[in-house]
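Laboratory data are not the source of any read-out in this text; all were calculated from the coordinates shown. Being a predicted model, the structure only gives us computed values, none of them experimental. So basically every Cβ, Gly included, is an ideal-geometry build from the backbone, and we count neighbours across all protein chains shown.
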Amino acid sequence: MTRSTWRTRIGFILAAVGSAVGIGNIWRFPWLTAENGGAAFLTLYLVLVVGVGVPGLIGEFVIGRRSNRNPVGAFDELAGRWYRPLGAIALIACLVILSFYSVVGGWILRYTFASTTGAYFAAPQQYFAAIDYGLGAVGFHVLFLAATVAIVYLGVERGIELSTTVMVPGIVVLFGGLAVWVSTLPGAGGGYDFYLSLDVSYLRENFFSVLPAAAGQALFTLSVGAGTMLTYSSYLGEDRSLAADGTLIAVLNTAIGVLAGLVIFPLLFSLGVSPGQGGPGALFVSLAGAFAELPYSRLVGVVFFGVVLLAALSSAISILEVLVAYLVDEHDLSRGWATLGTGGIFLVTGTIAALSPSAFGLLADTLSNVVLTAGLIGFLLFDGWVLGRLAREEFGRGAGPIAQIFEAPWYYAIAVVLPVFLAFTLVTSVAG
Ligand code: PFF
Ligand code: NA
């Protein structure tokens, strides 16, 4: 059977942006920003997206396009079977992330429905506490997972490419509309101040706790380290510049993340809610609670959670696709059986996370940062030391004059500087 390919370059870029833009931008990022000193965190995060995320993303693309394989098969194809364990880290990362991601996706789905009746308006705190873990959470996790499975089942072109070509522009338009509308609310200005004013002293005093959080978020937000970008680039036929595509994807992801912040912070400030409290419930308690105070509150709730749902779904499919590609490439399974089989695994692991707050916390906080960082260290060392010249050649394929300037700096960054830096953040976060 011939392997799937993207129909168009735009289709690939939108699928990759769909993977990047997700709960990480809308739920994890604003709250990390709030907890870590606002714009100080934003600044460090932007530096790390440019300095670590983008080179890392390109590092994954190089392996995927060069091999046209899933993460495990890619290493085998390029360097022999002894390197397969490097790809196994990526598969584990996918297992970890989708297991909790699907539970959050289920919460979002539930809130989209609940917004139509305003069910959470009267007592947002109690509403979330009643539904966050338990059988209801399992049910909505299963629904969210079923939607993810259905899209991946349809394939790379008819499922992933087609759906993200609709979803990603939808996210931009709806968030853009919300951001404009929110700016007209009285008191919104305090939100912009908080978000956009730089508090350098906070950053200086808390540098070593803010750094790993910002680094982990820079990887999480670009979907780097789990082999999703590797897998998506393995379906590339054309020789376009990977550096140019990677940069564009990062710019779009960051822009949509900032747009989400421009909706969330002014909204909270205009209603006098403090953005300081983090935790998994933040989006669902403070923000959802705020909707009740607004005109057209139900409509606002449905649109907001509907956008978040699209963002979550377009990320979830990219994670499932890694495991499906692995089973199809390496074990000769049909796409149908591979999708249903992996769906069955997440049915179980997600159910555990939906029933147990401690299992959920372990997956979402500690483990996901660790697996992404470990996965990326493996990819980059492979690029730098095993592929070596071939990695540079792949970087240079289709590169214009500007991208060519970055070939050597990129290579030294991914071979030496970034693995050392990532190992350092891994140690500080595990020790801290
Ligand atoms: N980038 C996604 C987000 O920000 O929500 C999360 C994610 C997707 C992380 C895919 C890792 C991954 F492989
Ligand atoms: Na997404």
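Region 336-367 and region 34-65 have Cα centres spaced 26 Å apart. Each of THR351, THR148, THR373 has some number of other Cβ atoms within 10 Å of its Cβ, and from fewest to most they run THR351, THR373, THR148.
Each other residue within a Cβ distance under 13 Å of LEU268 adds +1 if Lys or Arg and -1 if Asp or Glu, for a net charge of -2. Taking a sphere under 10 Å around the Cβ of ARG9 and counting the other residues whose Cβ falls inside, with K and R at +1 and D and E at -1, yields a net charge of 0. For the chain, the Cα-based Rg and Dmax, in that order, read 20.6, 62 Å. A dipole drawn for the chain from +1 and -1 charges on Cβ atoms has a positive end, and of LEU309, GLN125, GLY56 the residue lying farthest that way is LEU309.
Each peptide in 360-372, 131-143 gets a packing score, the mean of other Cβ atoms within 10 Å over its residues, and the list from highest to lowest is 360-372, 131-143. In plain terms, if you count all Cα to Cα distances in region 384-431 and split them into 5 Å steps from zero, the share in each step is 5, 21, 23, 18, 13, 10, 7, 3, 1 percent. Cβ-Cβ distance of VAL416 and LEU248, R₀ of 22 Å, FRET efficiency by 1/(1 + (r/R0)^6): the value works out to about 0.25. Shape analysis of region 183-278 yields a ratio of the Cα radius of gyration to the Kirkwood radius, Rg/Rh, of 1.09.
The distance separating the Cα centre of region 175-240 from that of region 302-323 comes to 17 Å. Taking every DSSP helix (H) stretch of at least 4 residues in the chain, weighting each as -39,500 (n - 2.57) and dividing the sum by the residue count yields a mean residue ellipticity at 222 nm of -23000 deg cm²/dmol.
If each Cα of region 255-382 is one equal point scatterer, what is log10 of I(q)/I(0) from the Debye formula at q = 0.09, 0.20 Å⁻¹? Once normalised to I(0) and log-transformed, intensities are -0.41, -1.29.
Annotation: the residues GLU205, GLU161, GLU321, sorted from fewest to most other C-beta atoms within 10 Å of their own C-beta, follow the order GLU205, GLU161, GLU321.
Here the peptides 19-27, 150-158, 113-121, 324-332 are ranked by packing, the mean other Cβ count within 10 Å, and the order with the highest first is 19-27, 324-332, 150-158, 113-121. Fewest-first ordering of SER358, SER67, SER99 by other beta carbons within 10 Å of each residue's beta carbon gives SER358, SER67, SER99. Quick check for you: which residues of region 188-230 have the amide N under 18 Å from the point 7 Å beyond the Cα of PHE424 toward its beta carbon? Backbone N within reach: 203-219. What's the center-to-center distance, using Cα atoms, between region 383-432 and region 68-102 in Å? So the two Cα centres are separated by 19 Å.
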